[in-house]
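Input: a single structure, listed below in structure tokens.
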Amino acid sequence: MLAKTYVDSPIGRFEISGTDQGVQRLKLYEGQAKASASLPEPIAIAATQLKEYFAGDRQEFDVQFDWGDATDFNKSVWGELLKIPFGRTTSYSKIASQIDNPTASRAVGLANRNNPIAIMVPCHRVIAKNGDLQGYFSGLDVKRFLLQLENPINFATQGSLF
């Protein structure tokens, strides 16, 4: 059964949902929040770790994910997102090359847009090859906030590709 819980953050309230198999979705939530009475372990862990991330006490998530029936391509892109170090950025074209599909930059962007577990699967760390910020699920202000949270010293020089 799908369970839900909510975490307040500096950018709004997040809804975390999933099952015993793992987190299925992390999204900003507006409205009245009513958490499930009982939370599967992966959801409870995700909530704790998300709070720690926003408090500046966590750089990596150790959370079980359940991407369900997502395409193999999306799963491969999301797997690469998990490899981007905290406080660093990479480009859409670099990820396309890493999944052995160097002409798939736009498809990588689409996979990022379809990432159901943003922040924990850090699509905010992907920027344009020229260093520009591009689309994010909650807008560029949120993306900018997350990048600055992770790397306040070098935030202005977003060309630090890994």
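The values are calculated or read from the model by the stated rules, or taken from the named source; none is laboratory data. These numbers come from a predicted model, not from an experiment. A quick note on method: Cβ atoms are made from the backbone with ideal geometry, for glycine too, and the neighbour counts reach across all protein chains shown. SASA here: full protein model, heavy atoms, side chains in, ligands and nucleic acids out. Shrake-Rupley method; radii C 1.70, N 1.55, O 1.52, S 1.80 Å.
Restricting to segment 120-135, name every residue that is assigned to a loop (DSSP other than H, G, I, E, B) and surrounded by 20 or more Cβ atoms within 10 Å (Cβ to Cβ). Please lay out each step first, then the result.
Step one: list which residues in segment 120-135 are assigned to a loop (DSSP other than H, G, I, E, B), which gives 120-122, 128-135.
Once the filter is applied, which keeps residues that are assigned to a loop (DSSP other than H, G, I, E, B) and surrounded by 20 or more Cβ atoms within 10 Å (Cβ to Cβ), segment 120-135 yields Met120, Val121, Pro122.
Identify, from the list Thr103, Thr157, the residue that is at pLDDT 95 or above, open to solvent by 80 Å² or more (accessible area, probe 1.4 Å) and more than 29 Å from Glu41 (Cβ to Cβ). First the steps, then the outcome.
Details: Thr157 fails: at pLDDT 95 or above.
Going through Thr103, Thr157 in turn, just one is at pLDDT 95 or above, open to solvent by 80 Å² or more (accessible area, probe 1.4 Å) and more than 29 Å from Glu41 (Cβ to Cβ): Thr103.
Among the numbered conditions (1) in a helix (DSSP H, G or I); (2) buried (at least 20 other Cβ atoms within 10 Å of the Cβ); (3) in contact with a Lys or Arg (Cβ under 9 Å, 6 or more places away or on another chain); (4) not hydrophobic (A, V, I, L, M, F, W, C), tell me where Thr90 comes up short.
(1)
From (1) within 24 Å of Glu15 (Cα to Cα); (2) open to solvent by less than 40 Å² (accessible area, probe 1.4 Å); (3) at pLDDT 95 or above, pick out the condition that doesn't hold for Ala96.
Looking at each condition in turn, Ala96 falls short on (1).
With the requirement that a residue be loosely packed, with under 15 Cβ neighbours inside 10 Å and in a loop (DSSP other than H, G, I, E, B), what does segment 47-69 give you?
Let us first name the residues in segment 47-69 that are loosely packed, with under 15 Cβ neighbours inside 10 Å, namely 48, 52, 55-57, 59-60, 62, 68-69.
Listed by number, the residues that qualify are Gly56, Asp57, Gln59, Glu60, Asp62, Gly68, Asp69.
How do the pairs read when you match residues in segment 81-95 that are without any contact (Cβ under 8 Å) to a residue 40 or more places away in the chain and farther than 15 Å from Tyr53 by Cβ with residues anywhere that are open to solvent by 60 Å² or more (accessible area, probe 1.4 Å) and not acidic (Asp, Glu), using Cβ under 6 Å and keeping only pairs 6 or more apart or on different chains?
Cβ pairs passing all conditions: Ser93/Lys129.
Of the residues Asp72, Asp8, Asp20, which is within 28 Å of Asn151 (Cα to Cα), over 15 Å from the mean Cα position of the chain (by Cα), of a type in the set (D, E, K, R) and open to solvent by 70 Å² or more (accessible area, probe 1.4 Å)?
Numbers: Asp72 fails: within 28 Å of Asn151 (Cα to Cα); Asp20 fails: within 28 Å of Asn151 (Cα to Cα).
That would be Asp8, the only listed residue that is within 28 Å of Asn151 (Cα to Cα), over 15 Å from the mean Cα position of the chain (by Cα), of a type in the set (D, E, K, R) and open to solvent by 70 Å² or more (accessible area, probe 1.4 Å).
Against the condition assigned to a helix (DSSP H, G or I) and small (Gly, Ala, Ser), how does Ala107 come out, does it pass? Walk me through it before giving the result.
Values: assigned to a helix (DSSP H, G or I): yes; small (Gly, Ala, Ser): yes.
Considered against the rule, which asks whether it is assigned to a helix (DSSP H, G or I) and small (Gly, Ala, Ser), Ala107 comes out as yes.
Does Glu41 fit the bill of being under 22 Å from Arg144 (Cβ atoms), open to solvent by 20 Å² or more (accessible area, probe 1.4 Å) and either touching a Cys at 6+ places or on another chain (Cβ under 6 Å) or of a type in the set (Asp, Glu) (or both)? Can you show your working first?
Working: under 22 Å from Arg144 (Cβ atoms): no; open to solvent by 20 Å² or more (accessible area, probe 1.4 Å): yes; either touching a Cys at 6+ places or on another chain (Cβ under 6 Å) or of a type in the set (Asp, Glu) (or both): yes.
Judged against the criteria, Glu41 is not a match.
Condition check: among the β-branched types (Val, Ile, Thr) and in contact with a Gly (Cβ under 8 Å, 6 or more places away or on another chain). Does Ile84 satisfy that? I'd like the intermediate steps shown before the answer.
On the way: among the β-branched types (Val, Ile, Thr): yes; in contact with a Gly (Cβ under 8 Å, 6 or more places away or on another chain): no.
No; evaluated as a whole, the condition is false for this residue.
Based on this model, can you work out whether Phe73 counts as within 17 Å of Val126 (Cβ to Cβ) and in a loop (DSSP other than H, G, I, E, B)? It would help to see each step written out before you state the result.
Working: within 17 Å of Val126 (Cβ to Cβ): yes; in a loop (DSSP other than H, G, I, E, B): no.
So Phe73 does not fit the description; no.
Scan segment 9-33 for residues that are in contact with a strand residue (DSSP E or B) (Cβ under 8 Å, 6 or more places away or on another chain) and over 17 Å from Gln64 (Cα atoms) and report the count. Lay out the reasoning, then the answer.
Initial filter on segment 9-33 (in contact with a strand residue (DSSP E or B) (Cβ under 8 Å, 6 or more places away or on another chain)): 11-19, 22-30, 33.
Within this subset, residues satisfying the condition of being over 17 Å from Gln64 (Cα atoms) are 11-14, 28-30, 33.
Looking only at that region, the number is 8.
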